[in-house]
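The values are calculated or read from the model by the stated rules, or taken from the named source; none is laboratory data. From a predicted model like this one, the values you see are computed outputs, not experimental measurements. So basically every Cβ, Gly included, is an ideal-geometry build from the backbone, and we count neighbours across all protein chains shown. Heavy atoms of the whole protein, side chains included, go into the accessibility calculation; ligands, DNA and RNA do not. Shrake-Rupley method; radii C 1.70, N 1.55, O 1.52, S 1.80 Å.
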Amino acid sequence: MKKCITAILCIASSFAFAQDIEWASKVVAYSTQYSATQYSAQQVLGKPNCMPQGGDNPCAWAPSKKSSNEFIEVGFDKPMKIQQVIISENYNAGMIKKVMLIDAAGKKYKVYKGVSVKDVLEKGRILSVKLDAMTPYEVTGVRIELSLSSLDKFTSIDAIGISGSKDEFVPAPVVATNVNFVSKKENLGPNVNSSYTELLPVISPDGNTLYFVRDEHPDNKGSQDIWYCTKLSDGTWSKAIHLGAPLNNDKANFVASVTPDGNKVLLGGTYLKDGSRGISFSNKNARGIWNDPVKVDIKNYYNRNDYNEYCMSNSGKVILMTVERDDTYGDKDVYVSFLKDDGSWSEPVNVGPTVNTACAETSPYLAADDKTLYYSTKGFPTFGSNDIFMTKRLDDTWKNWSEPVNLGPQLNTEKWDAYYTISSSGDFAYFVSSDNSLGNEDIFRVALPQEVKPDPVALVGGHVLNAKTHQPITANITYQFLPEGKEGGIATSSPSDGSYKIILPYGKKYAFLASAPGFISVNENLDLSDLKSYEEVTKDLYLVPIEVGQTVRLNNIFFETGKSDLLKDSYLELDRLVKVLLDNPTMEIEIEGHTDNVGSDASNMTLSQNRAKAVYDYLVSKGISASRLKSNGYGKTKPVATNDTDDGRAQNRRVQFTIIKS
């Protein structure tokens, strides 16, 4: 068959090709491979990972020998008649001596004979083998033969594709759709950055505190210490402060995550004298001082790499990490570990090949929505070395993710880009760059366009208070999804002033509460089903002491409008009340129903009595003795707010209980 042969090397801003290309989907045979993971024959499958940058990259097949008989043969899911073979030679290109097409009967057709390459192209090229006419047969496979012995060099092939068109293929990063950073990246200035190296920025979820690492600073206790700045009222940053002991010691220290309330940090290292590897937690005490770090217990934790990075979800129930383990796809991968009921963490699980590559993945950051993951890799086409990518979790297995997309050339550079962090509002991204820096690497920020923001969340905060005395209480905070009752996250109120903060992603209904020994929780709820943008919500949480005469409002009791039929969303609250009564077997309560002033007195009285009786009946159905319960309806006779406003009437429509015996 006559042929036309063209070799091209192009760089552009997106995978740009006018024709459909089918990339190899299976390896049929090969001569040798460098290893079973990095540089393996399997790395040749799919679209190019290494181009347009090219060069040595473990996400490509490399034969382990330098012989004249190295080869690889691949197959395609959908055989097709073609006019072009596309071969991504990403390292030491020019050593292909023969390309053959294979039809359904196994017959081979030579379409390319290698020509002498005077200077091997170390960075690589796209070899386009164009045919004079469409093949009369459907191509099921392609075989490539190499000759390596004459140049004493290794080569590697990134991808093999076939096309029914002669249109040129231009490899480049897959960039998030329509992403456009309107503002330029901004150096945070001399209060944050120095003539030394700043690394590993972590912004607190409320956006008011920035933790980072300074490398080899004369005030450091070790080679890398934790420093921090706080945001001032005018939006600028305070002068950087060395965090001091106990979070800084003679090791390399860094903050991996900070909880929404700012009272707890996840730290790199174990702070143990035995030098064991891992991570630690530290909490602030009542004086606002960090306690000694405590090692995090992760089942079967190990890391075969010298480096590691971590990120904890704002829910406090998930830790992502980049480590190298026995089931890695090559070098460091992103793994996930889950908080267990006993306070320990599950064995790390690889999040899968959509996210992970044969290259090293690094600096994972899980956004406040608990779904959007940003991380750095060169396992996909980049604008330089490592670039920052974004992917979204598709389900609760933590193994199904959307295709990672590059955040684009306005953020990623020709150099190594990583360490990306954003506040819960999603307004700004903070990251490390050496472009236009004051010293080596500096910390920058950039305003985020909508296309690469995480899903919206609500930052909910306030104080946990004693309902009787209004004094602050240190308590555990939990939130659950309604109506299923699954726990979504945990937090702790500040031991100094009882303040708390939690982050609730959009699209759900939530119940949340504080709990402490000797108190009954007054539960709150929030419907974020239709949340469109970031919000901040202030809501104090109350704890009622278990004493005679104390009244507890049941905020998460829901009825059909104008009826006394309990909705399923109410069961979580009522089951919690059942537990309180079981834990306090001598307690007796009166269940009270109340209404606003809309409607007749008689209908309001009947409705309030029926709603109180509905709660009474539910508790009895769950095994609570009727002798411990009373139910009464008071209609509109005991308002707690004005009936002249919608909000006041909503407060008056309530079911509550009063302790009549403790």
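When the trypsin sites (Lys or Arg not before Pro) in the stretch 629-662 are filtered for DSSP coil states and for at most 11 other beta-carbon atoms within 10 Å of their beta-carbon, no site remains. Heavy-atom accessible area with a 1.4 Å probe sorts TRP61, TRP290, largest first, into TRP290, TRP61. Ligands, DNA and RNA left out, the 1.4 Å accessible surface of the stretch 418-566 is 44% carbon and sulfur atoms. The number of Lys pairs in the stretch 157-254 with C-alpha atoms less than 22 Å apart, excluding pairs fewer than 8 positions apart on the same chain, is 6. Within 10 Å of each candidate Cβ there may be at most 16 other Cβ atoms; applying that plus a DSSP loop requirement, which GluC sites (Glu not before Pro) in the stretch 52-128 survive? The qualifying sites are GLU122. Here the relative contact order of the chain, from alpha carbon pairs under 8 Å that lie six or more residues apart, stands at 10 percent. Secondary-structure-derived ellipticity at 222 nm for the chain, considering helices only, amounts to -2000 deg cm²/dmol, per-run term -39500 (n - 2.57) for DSSP H runs with n ≥ 4. Ranking TRP416, TRP23, TRP237 from most to least accessible surface, computed with a 1.4 Å probe over the protein chains only, gives TRP416, TRP23, TRP237. In plain terms, the chain from LYS468 to VAL580 could stretch by 38.5 nm, reckoned as 0.36 nm per residue minus the Cα-Cα distance.
Listed by chain and number, the aspartates and glutamates placed with their C-alpha closer than 18 angstrom to that of LYS98 are GLU70, GLU73, GLU89, ASP132, GLU145, ASP158; residues fewer than eight positions away on the same chain are left out. Taking a straight Cα-Cα cut-off under 14 Å and skipping sequence neighbours fewer than 8 places away in the same chain, the aspartates and glutamates within cross-link reach of LYS415 are ASP387, ASP435, GLU441, ASP442. Annotation: the antiparallel percentage among DSSP beta bridges lying fully within the chain is about 90. Relative protection proxy for 435-445, 176-186, from highest mean packing down: 435-445, 176-186 (other beta-carbon atoms within 10 angstrom). Based on alpha-carbon atoms, the Kirkwood radius and the radius of gyration of the stretch 131-195 give Rg/Rh equal to 1.24. Give the residue from ALA252, GLY635, GLY288 lying farthest towards the positive end of the charge dipole for the chain; charges sit on Cβ (+1 for Lys and Arg, -1 for Asp and Glu) and the dipole is referred to the Cα centre. Projecting each Cα onto the dipole axis, the largest value belongs to ALA252.
Against the criterion of solvent-accessible heavy-atom surface with a 1.4 angstrom probe, LYS568, LYS153 sort, most first, into LYS568, LYS153. Counting only Cα atoms, the size of the chain along its three principal axes is 97, 63, 45 Å, in decreasing order. The packing ranking, built from the mean of other Cβ atoms within 10 Å per residue, places the peptides 621-627, 101-107, 476-482 in the order 476-482, 101-107, 621-627, highest first. In the assembled protein chains, TYR506 presents an accessible area of approximately 90 Å² (probe radius 1.4 Å). Could you tell me which of rounded, prolate or oblate describes the stretch 511-662, using a ≥ b ≥ c as the square roots of the eigenvalues of the alpha-carbon gyration tensor, with rounded for a/c under 1.5 and, failing that, prolate when a/b is larger than b/c and oblate otherwise? Here the stretch 511-662 falls in the oblate category.
For the stretch 27-98 versus the stretch 387-432, the inter-centroid distance based on Cα atoms is 28 Å. Measuring with a 1.4 angstrom probe and ignoring ligands and nucleic acids, THR230 comes out at about 50 Å² accessible.
What the chain shows is 42 Å² of accessible area per residue, with the surface traced by a 1.4 Å probe over protein heavy atoms.
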